[in-house]
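One structure is given here, and the rest of the page talks about it.
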Amino acid sequence: MSVDTSVDLGGLRLRNPVLTASGTFGYGAEFAPFLDLRRLGGIVSKSLTLEPRSGNLPHRIAEAHAGMLNAIGLENVGVDAFIREKIPALAAEVVIVASVFGREIDEYAQACERLSESPRVAGLEVNASCPHVRSGGIEFGQNPQLLASLVRAVRRASAKPLLVKLSPNVTSIAEMAKVCEAEGADAISLINTLQALDVDLETRRPKLRNGLGGLSGPAILPVALRMVWQASRAVSIPVCGIGGIMTAEDAVKFLVCGATAVQVGTASYLNPAAAGEIADGMVDWASRRGVSRLADLIGTLQPWS
Ligand SMILES: Cc1cc2nc3c(=O)[nH]c(=O)nc-3n(C[C@H](O)[C@H](O)[C@H](O)COP(=O)(O)O)c2cc1C
């Protein structure tokens, strides 16, 4: 049985609902030897800043039960090098979403403006949620007034489809989602990593040089499903679900909970072809159950009566 896999994520027309998550897939080309990137709905770049950044000192990652901790500190090549060197390395059919980060609202807006000038950038994902840089990130993602100002500024800076990536480290994800919708975001991505800490008992120091880090991987999947469900019920713009997706079944669960598309993150560290296999697996899952359009699964979670 043939399955229609196309979805519309806030104006981003995707051939299937599977993208790769920011920071876990480099700039795309690194993974081209392992999978045909044209099999994916799209790729989301590492978060880009106006100027290049070298990130935090090591150790920057550590294993956790059913996941990993990271505090990379937003190492990236910067917006200009991304446009000049990284985009041309990707085949024309690859849908590119540029993730953007800034220490201040104006930096975010300038980065969005510059990225929007590239015809290859199909959409922007504003990272309002990075939990381990000293300024920015966490403040924007956790404070509704700051979040509103940020979304308003980047909305003015770009006419491209605008996704805002939210922090899970908040009391009410529904409230933050509503702020994004009110300020003109086209879609919401969630979740980023959960703020976390682990300890090296021999030294009694945090495992990460930064102290705190972000937890990702299968450990966070049920938290992410809960937040996608809550956010998607609070707004009418689409939601892109992220968090612990390892299999096609995990991805289908996000659609059922209200996501229009998903992003695969930590799974790519275990298997660089994971995102492609998950996209193919969703088709198998649907065709075995007589589902002819993946989009028909969105928001179909049934309540207990
Ligand atoms: C090593 C690493 C680096 C990350 N860097 C970024 C980043 O630059 N920007 C961003 O928005 N999210 C970043 N994330 C968060 C992921 O995009 C994703 O939201 C999170 O890992 C949850 O998904 P997962 O459990 O599938 O990994 C990073 C995650 C990891 C593990």
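Laboratory data are not the source of any read-out in this text; all were calculated from the coordinates shown. None of these values were measured; they are calculated from a predicted model. In this analysis, Cβ positions are derived from the backbone assuming ideal geometry, glycine residues included, and neighbour counts consider all displayed protein chains.
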| request: Please identify, among 267, 219, 128, the residue showing maximal mean-square fluctuation in a Gaussian network model of the chain using a 10 angstrom Cα cutoff. | output: 219
| note | For the chain, using Cα atoms only, the Rg and Dmax in Å read 18.0, 58
| request: Give the long-range amide H neighbours of residue 128: residues separated by 5 or more places, or on another chain, with amide H under 5 Å away, using H modelled in the peptide plane at 1.01 Å from N. | output: 165
| remark: Given 274-287, 27-40, 96-109, the highest-first ranking by average Cβ count within 10 Å works out to 96-109, 274-287, 27-40
| field | Magnitude of the charge dipole, segment 7-297, Cβ model with Lys/Arg +1 and Asp/Glu -1, debye to 20 | value | 200
| note | With label points set 7 Å from each Cα along the Cα-to-Cβ direction at residue 80 and residue 32, the distance between them in nm comes to 2.4
| Extension gain (nm, one decimal) between residue 66 and residue 200, 0.36 nm per residue minus Cα-Cα | 46.5 nm
| query | Between residue 247 and residue 304, what length in nm is gained on full extension when 0.36 nm per residue of separation is reduced by their alpha carbon distance? | reply | 18.0 nm
| said: Skipping prolines and chain starts, which residues have an amide H placed within reach, meaning under 5 Å, of the one on residue 195, given they are 5 or more residues away or on another chain? | reply: 215
| request: For every helix of n ≥ 4 consecutive DSSP H residues, a contribution of -39,500 (n - 2.57) applies; sum these over the chain, divide by its total residues, and give [θ] at 222 nm rounded to the nearest 500 deg cm²/dmol. | output: -8000 deg cm²/dmol
| message | Per 0.36 nm of contour for each residue apart, how much would the distance between residue 89 and residue 13 grow if the chain were fully extended, relative to their Cα-Cα spacing? | response | 25.2 nm
| message | Taking the Cα of residue 288, stepping 7 Å toward and past its beta carbon, and measuring to each backbone N in segment 212-256: which are under 19 Å? | response | 245-256
